[in-house]
Every structure is written in structure tokens, then in C-alpha cells.
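The values are calculated or read from the model by the stated rules, or taken from the named source; none is laboratory data. Here the structure is a predicted model, which means the values were calculated and not measured. Every residue, glycine as well, gets a Cβ built from its backbone with ideal geometry; the counts of neighbours run over all protein chains shown.
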Amino acid sequence: MTEQIPLVDYLELGDDPHLVANECTSCHARFFDRRNACASCSGTDFQKVKVSTTGELKAFTIVAFAAPGVPVPFVAGLIDCDGTSVRGNVVNVEPDPEHVSLGMKVRLTTYPMGTDEAGTEAIAFGFEPIS
Amino acid sequence: MAEDVWILGIHMTKFGKHKDLDTVDLAAEAALGALADGGVSMQQMGVLAAGNLMNAAAGIGQQLQKQIGQTGVPVFNVANACATGATALKTAIMAVKSGECDMGLAVGVEKLAGAGLLAGGARKEDSNTWEPSGRYGAVAPVDGRIGTETMPGVFAQIGMEYGHKYGGTSFELFARISEKNHAHSTLNPLAAYQKKFTVEEIMNDIMIAYPNTRPMCSANCDGAAAAVVISDSALKKLSKEQQKRAIKVSASVLTTDPYQEACQILPDVNTLTRNAAEQAYEQAGIGPDDLDLVELHDCFATAELVHYDNLKLCEPGGAVDFFQSGATWRDGKTPVNVSGGLESKGHPIAATGIANIWEVCHHLRGEAGDRQIENAKVGLAHVIGLGSACGVHILEKSAA
Ligand SMILES: [Zn+2]
């Protein structure tokens, strides 16, 4: 089997792919990268927590103009996963305003980005509509 | 209690493409213009605060001194994203308020004509091996894979988020905000663009990041603006004419974004603007209903809408109805961006936070010509820089 690596370290692969956050143990603020102290309460204790894999699209844009090499159009969004806000693309949907709507229910999905020279496959995540 | 501070002289260059002028030339033009407007000289300035975001390490303050007067006074070179100009002004105001000097000069300048996307404009190619690096252990660039880093896309989401929360927004609504600002710009000879657009033209223009089409985005251009600030006691020693044209700084506020859930996912431009507005109204002892005009940070049409609410120009959640009532057109209850705003006047980043003050002062002095808002006595200028920093200034006509 091909070896896999996630696009970012807060994406956990396996049978149940999900995102992992660093949660402040005193105020429960969540961060996807490291903090020396909590941006909300300055607490210094954190624990790893699993982020819900389903959510609601709170905001989106359909990017039509981006850096060379970025395939457009694509849907970028802010997803409220049971109280934790997540940045991600909305995938497996036509990237037009008729098919993407505010408040839409979505779920985490993963897809292969390609295989490198060593034969390792990178896996990215996005959110797809729950039909 | 610190004494009041006034704007004695202020100037902005024409915004647009200045092929033959570099940043130092533009900064000098604005600075000398502001000094001449106030009837004072570089020799009288006790402090210089200056910003040029794209070359923040170059020390524009000292470069400017070498161009117009090396007096040896302290220079504060500031960089605070799109709030750089307001930060320079606030720095000069703080120096005067603290009593360190009687007069100070603030300058903001940028050369941006022809620039494309300022963030998310280039993405590194994927490497041949997936090697985790950086804070997120990313094996490849994430722009376009995990959301967007482009400003039109970020601010599009900020407008859409407001729509999700309160309803009533649409592509057409955002386009109509842009229609207003472009219509206003036709009266501003210093605007980079003075072209009226129909709402259909705006909606059918090139899509950048839905719902923002090209005319709904701030215009990259060259420009500079500068202001001379003075203490109340020093102003009283100047001529009647200088006192009459001086504009009172009734509030000068700078805030950063306090922690909110989601603020590190999609920038929260709302909380810090609300905080700045509340502090400014409190300092000035006036309310939003007293404002005769507002220049706010319409870096994108989607941003203007949320700031109606953040600056408390309308009821919470009422920005759509407020706009649709016609309130923010130049003949409305609270004219917003009668200069044409960043979408048409242009957005030479570090100049923006002083140029908006110039616009308000111009009206309060009754010197705004064809676009004069009649009998304007109080105005508010707002900027926001992602990261984030927010500047709000409230200005009042001299009673003299
Ligand atoms: Zn905390």
C-alpha cells in the first residue's frame, strides 16, 4: 500500500479522517497551530481534541482570480463545525452561486493531491455538501 | 487632562499613476503641501511619524527628512497594514498630547499602481517530495487548497458572513454599494478613477472573488497624504485665519482585534471596529447621529456593508435596510465615502488613513467644491488593516 501524508499536520488520516485542534484546557479556545499561551485567556495548558467532521457553511466566496498555479474557480469557506470554526474549500460541488449557499450543511472529506518521487501520496481535505 | 489637538494643515496628492515620482517625491509633495496649508515650516515640527508599508524597512521618515529638512527631531517609522496612515497620525497626535512637542507631522505614502493581488498573488510550486514545514506542517502551499489568502476573497467572506447572520444580502446589493461610490467619485478630481458605472456594468465586469467583481475592489494606485497636528495652546498663538481653518481632533482611537472564536480562521474586522467606534464616540462626546459625513474603509464593496453596522451608523443587523434607504448616498442621512472611497479614489495603502482625514477636513472647512456636503460640522474617518488594526478619528469644525 502507498504511504500517505496529510497536507497539514492537523489533518488526521486513517479510517476516520478528522481535524485535530489544540484546545486550551481553561477556556476551551481552539487553535490549529501551536500557542505558547492561549490568545483568549493566556492559559498555558492545551490538549488535543477531535473537531467535528460535519458543519454549516457560515461564509464563502468563489475565487475566480488567484495566484498562477491555483486552479480557479474554487469555493473557499468558513465552516462552523459544532462550534469550532474551520477554514476549508467546499468541494464536490459546482463552483457557482446556484450550487453553493450560506447555511449549507457540509461534511469533511479527503482526496489525494498526488504522489511524490518517493511514492508518498499527499492527502488534502475539503468539505462536501451533505445531500 | 491633556489638551486638545488640532489638524492645522493637511494635504493629499492626486491618487493614480505617478510614473515620474518615487515614494520620496510623493511623500515630500504631501508633507510640503500640509506644511504650506497650515502656514508653518518643517523647522517647527517636533516629531515626524511616517509610513510606507511596502518598503517598511527603508525608513521613509528619514528619507523624507533628507528631501525636505533634516531637523534632527524624532522619527517614528510605522507599519500597521492598511491602518498605517492612521497609525502615523495617531503617533503624531500622541506626541503632541503628551506634551513632548507642540506640533508634529504625519505622512503616509505608497506606490502601488499596476500591482496585482497583494496577498495570495504568488504560490510556490509543489516540491518533488512531500516534506512537512511551517507552523501547520504543510507538505505543499495551502492557498487555494485550504481556503484563500487573497484579500478580495477574504473580504468577500466577511460580507457573506454578515449576510448569513442577518439575511438580506445579495450580489446585486453589494454591487449597488460599489455603484454609489463610483458615482460619488465623479465629483473628486483627486480620485484615481472618476468613472460612473451602472449596477449591470459592475455585476458583469470581471469576477475576482464572488461576489466582488473588479470595480468592487479597491484600486491599487500611487499617492501620499500628510497632516500637521498642533496643540490647543500653540494654535491660540497663531493667526485668526489659521485658527479658523484648524480642525479639531475630537477622537483619535487605534484598536487591535480582541480574541473571538473564528478570528484566527477568518479575520474578525467587526469587533475591533465596534470597539474603536465606541471609544471614539465616548471621547468626542457625540453619537453616530451627529455625523455629517463618514469616510470608511471600503477596501471591497462587501466590507463597506459590515462597517455601517460596526460604526453604529445603523441598528445592529440593520446595514442592508440602512443602505437600501439611501442613507449613505451623498444626499442621504449619513453620506458615506463621498470621496469615491477606496474602490474609485484608490488605495495607496499607507496614504489611505490620512487621505480619508483630508477628505473630512475638506468638507468641515467648506472647501470641498462641487462635492461639498453643505454645513458639515462633524465627520468620522475609519480604516482597518488586516492582522488587525483599526483607526477611527472624529473631526469637528472649528468654532472660531
Ligand atoms: Zn484559554
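Is it the case, given these coordinates, that B:ALA280 is over 20 Å from the mean Cα position of the chain (by Cα) and either among the hydrophobic types (A, V, I, L, M, F, W, C) or under 30 Å from A:ASN89 (Cβ atoms) (or both)? Give the derivation first.
Numbers: over 20 Å from the mean Cα position of the chain (by Cα): no; either among the hydrophobic types (A, V, I, L, M, F, W, C) or under 30 Å from A:ASN89 (Cβ atoms) (or both): yes.
Against the criterion (over 20 Å from the mean Cα position of the chain (by Cα) and either among the hydrophobic types (A, V, I, L, M, F, W, C) or under 30 Å from A:ASN89 (Cβ atoms) (or both)), B:ALA280 does not qualify.
Of the strands (runs of 3 or more DSSP E) lying entirely inside the stretch A:23-123, the ones with 3 or more residues being over 22 Å from B:PRO267 (Cα atoms), at pLDDT 95 or above and within 16 Å of the ligand (Cβ to nearest atom) are found at A:46-51.
Condition check ((1) within 28 Å of B:LYS195 (Cβ to Cβ); (2) basic (Lys, Arg)) across all residues:
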site: B:GLY287; (1), (2): no, no
site: B:LYS312; (1), (2): no, yes
site: B:GLN324; (1), (2): yes, no
site: B:GLY332; (1), (2): yes, no
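Every condition in (1) more than 7 Å from chain B (Cβ to nearest Cβ); (2) closer than 21 Å to A:HIS18 by Cβ; (3) of a type in the set (Gly, Ala, Ser) is met by A:SER101 except one, and the failing one is (2).
Given the residues B:ASP232, B:ASP222, B:ASP289, B:ASP257, which is the only one that is on the phi < 0 side of the Ramachandran plot, within 14 Å of chain A (Cβ to nearest Cβ) and modelled with pLDDT of 95 or more? Reasoning before the result, please.
Working: B:ASP232 fails: within 14 Å of chain A (Cβ to nearest Cβ); B:ASP222 fails: within 14 Å of chain A (Cβ to nearest Cβ); B:ASP289 fails: within 14 Å of chain A (Cβ to nearest Cβ).
After applying the criteria, what remains is B:ASP257.
With respect to the stated conditions, B:ASP321 fails to be over 19 Å from B:ILE158 (Cα atoms), among the acidic types (Asp, Glu) and surrounded by fewer than 17 Cβ atoms within 10 Å (Cβ to Cβ). Taking the criterion of being without any contact (Cβ under 8 Å) to a residue 40 or more places away in the chain and within 30 Å of A:GLY114 (Cβ to Cβ), would at least one residue in the stretch B:149-165 satisfy it? Looking for residues that are without any contact (Cβ under 8 Å) to a residue 40 or more places away in the chain and within 30 Å of A:GLY114 (Cβ to Cβ), one finds at least one in the stretch B:149-165, hence yes.
Of the listed requirements (1) in contact (Cβ under 8 Å) with a residue 60 or more places away in the chain; (2) within 14 Å of chain A (Cβ to nearest Cβ), B:LEU105 misses just one: (2). Taking each residue of the stretch A:22-36 that is within 12 Å of A:THR84 (Cβ to Cβ) and looking for partners that are within 9 Å of the ligand (Cβ to nearest atom) and not in a loop (DSSP other than H, G, I, E, B) with beta-carbon atoms closer than 9 Å, six or more apart or interchain, yields A:ASN22/A:PHE46; A:GLU23/A:PHE46; A:ALA29/A:GLU23; A:ARG30/A:GLU23; A:ARG30/A:CYS24; A:PHE31/A:GLU23; A:PHE31/A:CYS24; A:PHE31/A:PHE46. Of B:SER170, B:SER127, B:SER133, all but one fail to be over 27 Å from B:TRP358 (Cβ atoms), in the same structural domain as B:TYR210 (by TED's automatic domain parsing) and among the small types (Gly, Ala, Ser); the exception is B:SER170. With a requirement of 3 or more residues that are more than 25 Å from the chain's Cα centre (by Cα), the helices (runs of 4 or more DSSP H) lying completely within the stretch B:140-216 that satisfy it span B:151-166, B:199-204. The residues in the stretch B:187-212 that are in contact (Cβ under 8 Å) with a residue 40 or more places away in the chain and polar (S, T, N, Q) can be counted, and the count is 3.
The numbered conditions (1) within 11 Å of chain B (Cβ to nearest Cβ); (2) away from the ligand (no atom under 16 Å from the Cβ); (3) at pLDDT 95 or above are all true for A:VAL20 except (1). Applying a threshold of 7 Å to beta carbon distances and a minimum spacing of six or more residues, or different chains, the list of pairs starting in the stretch A:52-64 at a residue that is facing chain B (nearest Cβ under 7 Å) and ending at one that is polar (S, T, N, Q) reads A:ALA59/B:GLN157; A:PHE60/B:GLN157; A:THR61/B:THR148; A:THR61/B:GLN157; A:VAL63/B:THR148; A:VAL63/B:THR150. Summed over the stretch A:65-79, the residues that are within 8 Å of chain B (Cβ to nearest Cβ) and buried (at least 19 other Cβ atoms within 10 Å of the Cβ) give a count of 8. Among what's in the stretch A:80-89 and is crowded, with 19+ Cβ neighbours inside 10 Å and farther than 12 Å from B:THR148 by Cβ, pick the residue that is nearest to the other protein chains (Cβ to nearest Cβ). The extreme case among them is A:SER85. Selection of first residues in the stretch B:355-373 that are without any contact (Cβ under 8 Å) to a residue 60 or more places away in the chain and surrounded by fewer than 16 Cβ atoms within 10 Å (Cβ to Cβ) and of second residues that are outside any helix (DSSP H, G or I) and of a type in the set (Ser, Thr, Tyr), restricted to Cβ pairs under 9 Å at least 6 apart or on distinct chains, gives an empty result. Can you say whether B:LEU112 is assigned to a loop (DSSP other than H, G, I, E, B), touching a Cys at 6+ places or on another chain (Cβ under 7 Å) and touching a residue at least 24 places away in the same chain (Cβ under 8 Å), as far as the supplied structure shows? The answer is yes for B:LEU112. Taken together, the criteria exclude B:HIS382 from residues that are assigned to a helix (DSSP H, G or I) and either buried (at least 24 other Cβ atoms within 10 Å of the Cβ) or at pLDDT below 95 (or both).
Can you work out which of the residues in the stretch B:252-276 that are in a helix (DSSP H, G or I) and touching a strand residue (DSSP E or B) at 6+ places or on another chain (Cβ under 6 Å) is farthest from B:ILE384 (Cα to Cα)? Steps first, please.
Narrowing the stretch B:252-276 to residues in a helix (DSSP H, G or I): B:269-276.
This time we only want the ones that are touching a strand residue (DSSP E or B) at 6+ places or on another chain (Cβ under 6 Å), so: B:269, B:272-273, B:275-276.
On the way: B:VAL269: 7, B:LEU272: 9, B:THR273: 8, B:ASN275: 12, B:ALA276: 10 Å.
Restricting to residues being in a helix (DSSP H, G or I) and touching a strand residue (DSSP E or B) at 6+ places or on another chain (Cβ under 6 Å), the top hit is B:ASN275.
When the residues of the stretch B:322-381 are narrowed to those that are among the acidic types (Asp, Glu) and out of contact with any helix residue (DSSP H, G or I) (no Cβ under 7 Å at 6 or more places or on another chain), which ends up nearest to B:THR169 (Cα to Cα)?
The first filter runs over the stretch B:322-381 and keeps only residues among the acidic types (Asp, Glu), leaving B:331, B:343, B:359, B:367, B:370, B:374.
From the residues that got through so far, the ones that are out of contact with any helix residue (DSSP H, G or I) (no Cβ under 7 Å at 6 or more places or on another chain) too are B:331, B:359, B:367, B:370, B:374.
Numbers: B:ASP331: 23, B:GLU359: 29, B:GLU367: 36, B:ASP370: 32, B:GLU374: 31 Å.
That would be B:ASP331.
Counting the residues of the stretch B:118-139 that are surrounded by 15 or more Cβ atoms within 10 Å (Cβ to Cβ) and more than 7 Å from chain A (Cβ to nearest Cβ) gives 3. Filtering the stretch B:140-159 for residues that are farther than 30 Å from B:ILE247 by Cβ and more than 9 Å from chain A (Cβ to nearest Cβ) leaves a non-empty set.
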